[in-house]
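Right, one structure below, let's go through it.
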Amino acid sequence: MTDYSAHALHMANIGAEAARGYFRGRLGIEFKEDESPVTQADKAVESKVRAYLADQFPDHGIFGEEHGIEDVDAENVWIIDPIDGTRSFLSGHPLFGFLLGHLVEGKPRLGVIGMPALHETFMGVKGEGATLNGEAIHTSGQTELDQAIVFINEGEKLFRDKPGVFERLMNTGQTRRFTYDCYPHALLAAGHVDVVVDYDLQPYDYLPVSAVVEAAGGLMTDWQGNALTLQSDGCVVSAATPELHAQMLKLLDG
């Protein structure tokens with residue numbers, strides 16, 4: 001995977017540079033059918049990464065948020081979320097990300113969480129560990145849920161759709177924080193956060209992130225404990241240790 005790692009870092013740099021060129025500038029904003037916003041920046045970032053992939057890996061499939069799917073049944077597939085956290089991006093908030101994953105036979109083998117405004121790049125490679133800007137990182141090792149730092153993504157959606165889960169989450173962990181998008185999972189991979197509960201995601205949101213979390217020593221699955229795939233339902237939980245993960249599955253199940 002070493003050669004793919006170098007290519008992935010290069011694409012992260014392409015994505016970061018393109019995103020910074022639009023950040024806090026004048027954006028053309030549209031809304032998708034689900035009312036989520038898409039900006040000129042989303043489309044431009046993905047187009048640049050797709051052009052690189054077409055040149056370097058013409059026989060690989062691509063699954064991108066903005067420009068759709070090309071040969072997703074190929075043995076090698078790249079998955080792209082050009083700007084994860086478009087609402088943050090368009091409001092000038094720096095915690096938007098760039099996500100890139102490499103799937104082999106549908107399974108994540110490499111993931112990148114780029115944070116362009118923070119100049120941080122997290123990368124995880126199956127069997128090779130995880131890094132932040134080239135330095136090794138690892139999850140916290142926390143095993144006790146009542147002592148854990150718990151981040152809750154998409155809290156308003158959980159409150160609306162899963163009130164029982166939301167209520168239980170409000171009574172767990174030592175510290176709780178409402179958050180969004182990919183950065184909480186990156187912080188978990190780096191050992192700063194112990195649990196992240198997430199909801200209503202798409203494959204380009206969770207598959208690249210899962211590769212980073214698991215390469216750093218954590219676990220990331222759906223709420224039933226199943227491995228994440230292109231067909232997962234978008235309800236995910238990341239945990240620093242198997243012990244925490246098991247406790248979170250019980251909590252989510254009620």
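Somewhere in the stretch 50-67, is a residue closer than 20 Å to D84 by Cβ, open to solvent by 70 Å² or more (accessible area, probe 1.4 Å), more than 18 Å from the chain's Cα centre (by Cα) and at pLDDT below 95? Yes; the residues of the stretch 50-67 include at least one that is closer than 20 Å to D84 by Cβ, open to solvent by 70 Å² or more (accessible area, probe 1.4 Å), more than 18 Å from the chain's Cα centre (by Cα) and at pLDDT below 95.
Filtered by the rule that a residue be surrounded by fewer than 24 Cβ atoms within 10 Å (Cβ to Cβ) and touching a Cys at 6+ places or on another chain (Cβ under 8 Å), the stretch 206-251 gives D222, W223. Would you pick out the residues in the stretch 171-183 that are more than 20 Å from Y206 (Cα to Cα) and surrounded by 13 or more Cβ atoms within 10 Å (Cβ to Cβ)? T172, G173, Q174, R176 - these are the residues of the stretch 171-183 that are more than 20 Å from Y206 (Cα to Cα) and surrounded by 13 or more Cβ atoms within 10 Å (Cβ to Cβ). Being under 12 Å from the mean Cα position of the chain (by Cα), under 18 Å from Q231 (Cβ atoms) and touching a residue at least 60 places away in the same chain (Cβ under 8 Å) narrows it down to one residue among I113, I79, I83; which is it? Going through I113, I79, I83 in turn, just one is under 12 Å from the mean Cα position of the chain (by Cα), under 18 Å from Q231 (Cβ atoms) and touching a residue at least 60 places away in the same chain (Cβ under 8 Å): I79.
Taking the options D194, D146, name whichever one is more than 22 Å from D233 (Cβ to Cβ), modelled with pLDDT of 95 or more and open to solvent by less than 20 Å² (accessible area, probe 1.4 Å). Criteria check complete, one pass: D194. Among residues of the stretch 228-242 that are closer than 14 Å to V193 by Cβ, those with a Cβ under 6 angstrom from a residue that is acidic (D, E) and part of a loop (DSSP other than H, G, I, E, B), sequence gap 6+ or separate chain, pair up as A240/D194.
The values are calculated or read from the model by the stated rules, or taken from the named source; none is laboratory data. Quantities reported herein were computed from a predicted structural model and do not represent experimental measurements. Positions of Cβ are generated from backbone atoms using ideal geometry, with glycine treated the same way; all protein chains shown enter the neighbour counts. Please note that ligands, DNA and RNA were not included when accessible areas were found on the heavy atoms of the full protein model with its side chains. Shrake-Rupley method; radii C 1.70, N 1.55, O 1.52, S 1.80 Å.
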